[in-house]
Amino acid sequence: MRTPLVAANWKMHKTVAEATAFVGALQAALGGSLPAGVEAAICPPFTALYPVGQLLRGTGIALGAQNLYKEDQGAFTGEVAPGMLAELGVRYVIVGHSERRSLFGEDDALVNAKVRAAFRHGLTPILCVGERLEEREAGETEAVVTRQVDRGLEGLSPAEVARLVIAYEPVWAIGTGRAATGEDAAAVIRLIRERVAARFGREAAEALRIQYGGSVKPENAGEFARYPEIDGALVGGASLDPRSFAALIQAFRR
Ligand code: 13P
C-alpha cells in the first residue's frame with residue numbers, strides 16, 4: 001500500500017519570519033501531530049530551508065526544496081547543489097515544475113540530469129509532468145506526458161524509480177482555479193503507471209507514488225483522494241495557509 005504524500009510548493013512566497021510562523025500554526029491546526037496514513041512535506045524557498053528544517057525536526061513532516069542544480073559543485077553562479085540540500089536535511093526536491101520548464105527554459109534533458117543528481121545525493125525527486133492547454137485540446141496529453149516520463153526517468157534503476165515521486169500537474173490547472181476532474185487526473189496517472197511498468201517493471205511501478213497537482217483546495221481534495229491511483233497532491237496556493245494545508249493533509253489520509 002502506497003502512503004499518499006501531500007506536499008506544499010510555496011513557490012516564491014514567504015520570508016523566513018512568515019515561513020517559521022507557518023510551521024507552528026500548521027502543528028496547531030493538525031492538533032499537535034501529523035495524522036497516520038499520510039505523509040506531508042513543505043518546500044519553502046531556499047532562504048527559508050534551514051530554519052524551517054530545524055522546526056520540522058521530530059514532527060514527521062518532511063523538508064523539500066523547489067529546485068536544485070545537476071552538478072555537485074563548481075562555477076554555477078546562483079545555483080544550489082544537491083549535496084547542499086542534503087546537508088540541511090532536505091528529503092524531497094521538486095524537479096521539472098512547469099514554471100521552471102516554461103519560464104526558465106528547462107528541457108527534458110536538464111530535468112533528467114537533475115533527477116539523477118538528486119538520487120546521487122539521497123534526495124527523492126518529485127518529478128513534475130503535465131500537458132499545456134493547447135496540447136490537451138489537440139489530443140496530445142498522452143504523447144506529451146509519456147515523453148516527459150520517458151525522458152525524465154532515463155538511466156534510472158528500477159529501485160530508484162520505486163522511490164521516485166511523480167506529480168501529474170496539467171499546466172492549465174496550475175494557479176487557475178480550474179482543477180482537473182478526479183477521473184481525468186486518475187486516467188492520466190494510470191497511463192503514467194502503465195508506462196513506468198512497461199519500462200521498469202511492475203514492482204517499481206506499483207511502489208512509485210504519483211500525485212495530482214493543479215488548483216487542489218480543501219473543497220475539492222476529496223474528489224482526488226477517493227481515487228486509489230492518486231497518491232496525494234502537490235499544492236501551490238492552498239498550501240500557503242496553515243489551516244488549509246492541514247485540511248489537505250487530513251483529506252488524503254489512507
Ligand atoms: P496551485 O495549487 O496554486 O494551482 O499550484 C499547483 C502547483 O504548481 C504545485 O506545484
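Would you work out if segment 1-120 is rounded, prolate or oblate? Take a ≥ b ≥ c from the square roots of the eigenvalues of the alpha-carbon gyration tensor; rounded if a/c is under 1.5, else prolate when a/b is larger than b/c, oblate otherwise.
Prolate, since a/c reaches 1.5 and a/b exceeds b/c.
Suppose the chain between GLN54 and THR181 were pulled fully straight at 0.36 nm per residue; how much longer would it get relative to their current alpha carbon spacing? Mind showing how you got there, number by number?
On the way: separation 127, 0.36 × 127 = 45.72 nm, distance 3.71 nm.
The GLN54-THR181 span can extend by a further 42.0 nm.
Taking a cut-off of 16 Å, what percent of all Cα-Cα pairs in segment 139-254 are separated by more than that?
So the pairs more than 16 Å apart make up 59 percent of the total in segment 139-254.
With only alpha-carbon atoms in the gyration tensor, what are the semi-axes of the equivalent ellipsoid for segment 20-85, in Å, largest first?
After diagonalising the Cα gyration tensor, the semi-axes are 28, 12, 8 Å.
Is it possible to state the helix-based mean residue ellipticity at 222 nm for the chain, with each DSSP H run of 4+ residues giving -39500 (n - 2.57), the sum divided by total residues, to the nearest 500 deg cm²/dmol? What is it?
-13000 deg cm²/dmol
So if I place +1 on the C-beta of Lys and Arg and -1 on the C-beta of Asp and Glu, and nothing else carries charge, what would the dipole magnitude of segment 1-120 be about its Cα centre? I want it in debye, nearest 20.
Details: 11 positive and 10 negative charges, 49 e Å.
Using only the charged Cβ atoms, the result is roughly 240 debye.
What nm distance separates the two modelled labels at ARG2 and ASP241, each placed 7 Å from Cα along Cα→Cβ?
The modelled label-to-label distance comes out at 2.9 nm.
Taking the Cβ of each residue in MET12, MET84 as the centre, tally the other Cβ atoms inside 10 Å and list the residues starting with the fewest.
Arranged by neighbour count, lowest to highest, MET12, MET84 become MET12, MET84.
Shape call for segment 125-178 from the C-alpha gyration tensor, a ≥ b ≥ c root eigenvalues: rounded (a/c under 1.5), prolate (a/b greater than b/c) or oblate?
oblate
Between segment 111-125 and segment 206-230, how many Å separate their Cα centres?
First find each Cα centre; the distance between them is then 24 Å.
Taking every eigenvalue of the Cα gyration tensor of the chain, multiplying by 5 and rooting it, what semi-axes result, largest first, whole Å?
Each semi-axis is the square root of five times an eigenvalue, giving 25, 22, 17 Å.
Could you calculate the contour length gain from ALA17 to THR146, that is, 0.36 nm times the residue separation minus the distance between their Cα atoms, to one decimal place in nm?
Values: separation 129, 0.36 × 129 = 46.44 nm, distance 4.06 nm.
Here the segment from ALA17 to THR146 would lengthen by 42.4 nm.
Under 8 Å for C-alpha pairs, at least 6 residues apart: give me the relative contact order for the chain, rounded to a whole percent. The partial results should precede the final answer.
On the way: 508 pairs, mean separation 57.5, N = 254.
In percent, rounded to a whole number, it is 23.
Where does each of 46-56, 63-73 land if you order them by average Cβ count within 10 Å, highest first? List each step's numbers first, then the result.
Values: 46-56: 18.4, 63-73: 20.2.
Averaged packing, sorted descending, gives the order 63-73, 46-56.
Read the figures in this text as sums done on the coordinates, not as results from a lab. Remember, it's a predicted structure, so these values are computed and weren't measured experimentally. Positions of Cβ are backbone-derived with ideal geometry, glycine not excepted, and every protein chain shown enters the neighbour counts.
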